[in-house]
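A.B. asks: The following block contains the structure, expressed as structure tokens.
Every number in this text was worked out from the coordinates using simple rules, so none of it is lab data. Just so you know, these numbers come straight off a predicted model, no measurement behind them. So basically every Cβ, Gly included, is an ideal-geometry build from the backbone, and we count neighbours across all protein chains shown.
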Amino acid sequence: MSNIRSGFLENTIAQISTPVGTGGISIVRISGVDSLSILNNIFRGKKEVSEIKSHTINYGNIVDHNNKVLDEVLVTVMYAPNTYTKENVVEINCHGGIKSVQAVLTEVLKNGARLAEAGEFTKRAFLNGRIDLSQAEAVISVINAKTEIEQEIAIKQLKGELSKKVRSFREKILTMVAHIEASIDYPEHDMEDSNLLQVKESVSDLKSQIKKLYDTADSGKILMNGIETVILGKPNVGKSSLLNVLLDEERAIVTDIAGTTRDVLQEHISIENIALKIADTAGIRETDNEIEKIGVEKSRQQAQKADLILLVLDGSRELEKQDTDIIEFMSDKKSIVLINKSDLNSKISHSDISKKISGNVIAISTKDRSGIDTLKSAIKEMFYNDEIALNDEIFIYSLRHKAALERTISSLSFVINTIDSALGEDLLTIDLMDAYKSLGEIIGETIEDDVVDKIFSEFCLGK
């Protein structure tokens, strides 16, 4: 981490920390060694900047070098180290107009600050040791949370619950390494078979604990990122109507003309506090229309990567080859078959479908909304089965964390194999330290600079 720290913390940064647009207030945030001197140059209030107490709100004006008033503001000064970045931080609350906040930011930059990069305030909090890398990643998860469950999981990680667990794993590894190295350094205390067996049991127990955390990854990904859901079916079966019903708005165009949907239409919805990233796709059929062909291919691609497929069938018509081809295509996926138009005389029975595919078969009507509540309950049961206890469990949802845990488990398996094969004790410490390093990547203690840069580049400006 030395390269990323070098020179990075020596300058002062500034950025607008509120969304661009007209609103009640906009906030310009400043952090770094020159924050107070910059404020002293541009702020005129009842008190001198040097007299302002930390974490207090102060009324005044921001002025340019000619003492022209740029905006009437409220200023908060926060002295290091009790700040978000552990540096001196200033927040200027301006009026919410685009011009006013830009004028204030421009004046801050003229007086010595540079424009902050995406996520740079949080990056400084990480580099200055206020939070570790997993907590820093949780910041953006809290910001992006769309459901209470997402927010709760992200807050747990932000509070350091994942960090504590990872650190406890690393401490156990160091204890084992110290024990093994003592026997290497002092041959008279060579490890006996009983001691090696004890090490094996300790490693096996630790591996089980880490595997338990690793196994939360799939549920964690779905809880945080939403269930990747694709509505599939041939043209004119009611796919777009289903999307509109689930969204409770007329989002997709619905007509009697086959092939109306030519592209993938994606939306986010919440069902019983569970997020779905749902995609309405072009009807799958053979077609000579080049544009529609592209849409059909996109439908297939979306289906391939989906967590859940909602296959819509037209219950007022008998099953056709197009229907059975789609059923065959999605046979290895989690799916729910929806027999639409239950308000009409049905020509498709549940038994017809059950013979061809396992899983839920639900009769619905997008016209009178019957069966929609049954569909929502089925989705919840299919993915969560009432087994998730958010109050007690820590979930990992980052692919980076999952990969690090996978490498950790692999290294611990090597340790067990080495003991079983009666190989040298020095090999045990090598694999244990590899596991230790992999765990360190999660909290940022052993990680490459370019990975850190990539993580923070995905943050919003001003955070």
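A.B. asks: Listed highest first by mean packing, meaning other Cβ atoms within 10 Å per residue, what order do 218-226, 230-238 come in?
C.D. replies: For the peptides 218-226, 230-238, the packing ranking is 230-238, 218-226.
A.B. asks: Pop out the ³J(HN,Hα) list for segment 136-147 in order, Karplus 6.51 cos²θ - 1.76 cosθ + 1.60 with θ = phi - 60°, rounded to Hz; leave Gly and Pro as x.
C.D. replies: With coefficients 6.51, -1.76 and 1.60, one gets 4, 5, 5, 4, 5, 5, 5, 4, 8, 4, 10, 9 Hz.
A.B. asks: Another question about this same structure. Using amide H atoms built 1.01 Å from N in the peptide plane, name the residues 5+ places from Leu70, or on other chains, whose amide H lies under 5 Å from its own.
C.D. replies: Ile62, Val63, Asp64
A.B. asks: Okay, next question. Using 0.36 nm times the number of residues separating Ile25 and Ile155, minus their current alpha carbon distance, what extension gain do you get?
C.D. replies: 44.2 nm
A.B. asks: Right, something else. Per residue of segment 369-382, what does 6.51 cos²θ - 1.76 cosθ + 1.60 with θ = phi - 60° give for ³J(HN,Hα)? Whole Hz please, x for Gly and Pro, Karplus curve as stated.
C.D. replies: Once rounded to whole Hz, the list reads 6, 5, x, 5, 5, 4, 4, 4, 5, 5, 5, 4, 5, 5.
A.B. asks: Order of 56-68, 161-173, 444-456 by packing, highest average Cβ count within 10 Å first?
C.D. replies: 161-173, 444-456, 56-68
A.B. asks: Around Gly96, which amide H atoms from residues at least 5 apart in sequence, or from another chain, sit under 5 Å from its own amide H, with H modelled in the peptide plane?
C.D. replies: Counting only residues 5 or more places away or on other chains, the set is Gly23, Ile25, Ser26.
A.B. asks: Can you work out ³J(HN,Hα) from phi for every residue in segment 304-317, in order, using Karplus 6.51 cos²θ - 1.76 cosθ + 1.60 and θ = phi - 60°, giving whole Hz and x for Gly and Pro?
C.D. replies: Listing the rounded values in order: 4, 9, 6, 7, 8, 10, 9, 8, 9, 10, 8, x, 7, 10 Hz.
A.B. asks: Okay, moving on. Could you list which residues have their amide H under 5 Å from that of Ile227, counting only those 5 or more apart in sequence or on another chain, with H placed in the peptide plane?
C.D. replies: The list, which skips near neighbours in sequence, is Ala275, Leu276, Lys277.
A.B. asks: As a test, work out the antiparallel percent of DSSP beta bridges whose residues both lie in the chain, rounded to the nearest 5.
C.D. replies: 60
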